[in-house]
């Protein structure tokens, strides 16, 4: 019989078949990997790249222009890498998918999650002076030029870095830091609560600065300190008290050091309304209703008239998800937006805006039309943000002229005071360029209100108050 016929008739060697299958499996895997690689590469290179991250409230990096010089010095490659990484196609979709996974991260306590680390608490007593700031900073809404309708495209401010670790005792103040929010956020059911680190030394510096302002403005000018509590003072479950310092203790310590400066008690003004919508669940700001009650406490302290809410036009917009989603990417906020309710004054007012160096005078409404803005930007309804000087001329005729020196918490106070003062000047301590004392004296200011939350008063932002005196 033919030898080849015998070989054909024999069954194949099992080991040889095993090797054949391995080679086929390997070739198949390689083919799949190559196809997936080229599919991903094609998606990244040819997919439509977004220019705006609505949920992050900022414009994304732009593709740099090529030049020999920029290529040789490395600028082009670094900027192109930033553009390539920042503008991934379907970026928002991927972000929402990832937020679903992140909902299960952190430290779970029933319906509670901790995003980031608890802040290093300030356990310093008032007599000690070595402690530096441990509080998490607070941010503001990005700037928009006030117009009757502010398009979303005008927003160019990059949000603060939410990956920063909390400041420790060994760290110094950062004089150049303007923003104030880290991701030390406790989520209790559907509410985000920023954890407060405290800051006795910062509070003492804040109080001394306000005393200096009072001395420079003179006995005829009334100076007020409104240090606003944040949701941690009202909504933190007692079993998590060890995660935060006491805002009230820090505020009381500040008030004990004021000389000739009148404190405004925000906590007592808001506590009876705790079950009302005085703070956002998805944003670090207070709601306009909370600002209204705080403004009422200030008006009572200042002895000026104050309009009831019934005198305002109430505007409600559904579907607000604010800054705390940006800082946590938590699906809890994304899936449970809240109403955004604000109040428009109906008395006769004229609002003039200036750049932060008092140039570029222009008139525009006090309350922005936010219909064309994405929900995350709705807090900019108040004067369009922070990077401007605002002057409100009202129909009030009591001879009182107010200057509000503020962080972003102060923005929501302004509409509440248009029936209380003839003139209201609003400056943000982080961006104002002229000398503040000269500015107020030239406008014959009769009342000065320092309005900010605890994170600013005891954190790095209060340092800006000294700069305003020196520039």
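Things to note:
- Qualifying positions in the stretch 386-406 - in contact with a helix residue (DSSP H, G or I) (Cβ under 8 Å, 6 or more places away or on another chain) and either in a strand (DSSP E or B) or crowded, with 23+ Cβ neighbours inside 10 Å (or both): 386, 390, 392, 402, 403, 404, 405, 406
- So residue 33, is it over 24 Å from residue 325 (Cβ atoms), at pLDDT below 80 and outside the structural domain of residue 374 (by TED's automatic domain parsing): no
- The stretch 25-51 residues that are in contact (Cβ under 8 Å) with a residue 40 or more places away in the chain, paired with ones that are part of a helix (DSSP H, G or I) (beta carbon under 8 Å, 6 or more apart): 44/84; 50/91; 50/92
- Of all residues in the stretch 446-463, at least one satisfies being more than 18 Å from residue 227 (Cβ to Cβ) and either at pLDDT 95 or above or more than 24 Å from the chain's Cα centre (by Cα) (or both).
- Strands (runs of 3 or more DSSP E) within the stretch 304-370 that include 2 or more residues over 23 Å from residue 413 (Cβ atoms): 312-320
- Filter result for the condition that a residue is closer than 22 Å to residue 326 by Cα, touching a residue at least 12 places away in the same chain (Cβ under 8 Å) and touching a strand residue (DSSP E or B) at 6+ places or on another chain (Cβ under 9 Å), over 407, 395: 407
- Answer residue from the stretch 50-81, given it is within 30 Å of residue 375 (Cβ to Cβ) and modelled with pLDDT of 80 or more and is nearest to the chain's Cα centre (by Cα) among those: 62
- The residues listed here are 443, 430, 400; of these, the one that is touching a residue at least 12 places away in the same chain (Cβ under 8 Å), over 26 Å from the mean Cα position of the chain (by Cα) and closer than 19 Å to residue 465 by Cβ is 443.
- Criterion applied to 275, 311, 242 was being in the same structural domain as residue 194 (by TED's automatic domain parsing), surrounded by fewer than 19 Cβ atoms within 10 Å (Cβ to Cβ) and touching a strand residue (DSSP E or B) at 6+ places or on another chain (Cβ under 8 Å), and the one residue passing it is 311.
- For residue 246: the one exception among (1) within 19 Å of residue 458 (Cβ to Cβ); (2) touching a helix residue (DSSP H, G or I) at 6+ places or on another chain (Cβ under 7 Å); (3) in contact (Cβ under 8 Å) with a residue 24 or more places away in the chain: (2)
- Criterion applied to 469, 449, 373 was being in a helix (DSSP H, G or I) and either in contact with a helix residue (DSSP H, G or I) (Cβ under 9 Å, 6 or more places away or on another chain) or without any contact (Cβ under 8 Å) to a residue 12 or more places away in the chain (or both), and the one residue passing it is 469.
- Only one entry of 312, 343, 279 meets the criterion of being within 30 Å of residue 209 (Cα to Cα) and modelled with pLDDT of 95 or more, and that entry is 279.
- Subset of the stretch 314-333 (residues that are out of contact with any helix residue (DSSP H, G or I) (no Cβ under 7 Å at 6 or more places or on another chain) and surrounded by fewer than 24 Cβ atoms within 10 Å (Cβ to Cβ)): 314, 315, 316, 318, 332
- All positions within the stretch 281-303 that are assigned to a loop (DSSP other than H, G, I, E, B) and within 23 Å of residue 225 (Cα to Cα): 284, 285, 287, 303
- Selected residue [touching a strand residue (DSSP E or B) at 6+ places or on another chain (Cβ under 8 Å) and within 19 Å of residue 403 (Cα to Cα)] from 224, 235: 224
- Within the stretch 188-202, residues that are assigned by TED's automatic domain parsing to the domain that holds residue 244 sit with their Cβ atoms under 7 Å from residues that are in a strand (DSSP E or B), at 6+ positions apart or across chains, in these pairs: 188/112; 192/185; 193/185; 193/186; 194/185; 195/186.
- For the stretch 342-349, the condition of being surrounded by fewer than 18 Cβ atoms within 10 Å (Cβ to Cβ), free of Cβ contacts under 8 Å to residues at least 40 places away in the same chain, more than 28 Å from residue 232 (Cβ to Cβ) and touching a helix residue (DSSP H, G or I) at 6+ places or on another chain (Cβ under 8 Å) holds for at least one residue.
The values are calculated or read from the model by the stated rules, or taken from the named source; none is laboratory data. Computed from a prediction, not measured in an experiment: that's the story for all the values here. Cβ atoms come from the backbone with ideal geometry, glycine included; neighbour counts cover every protein chain shown.
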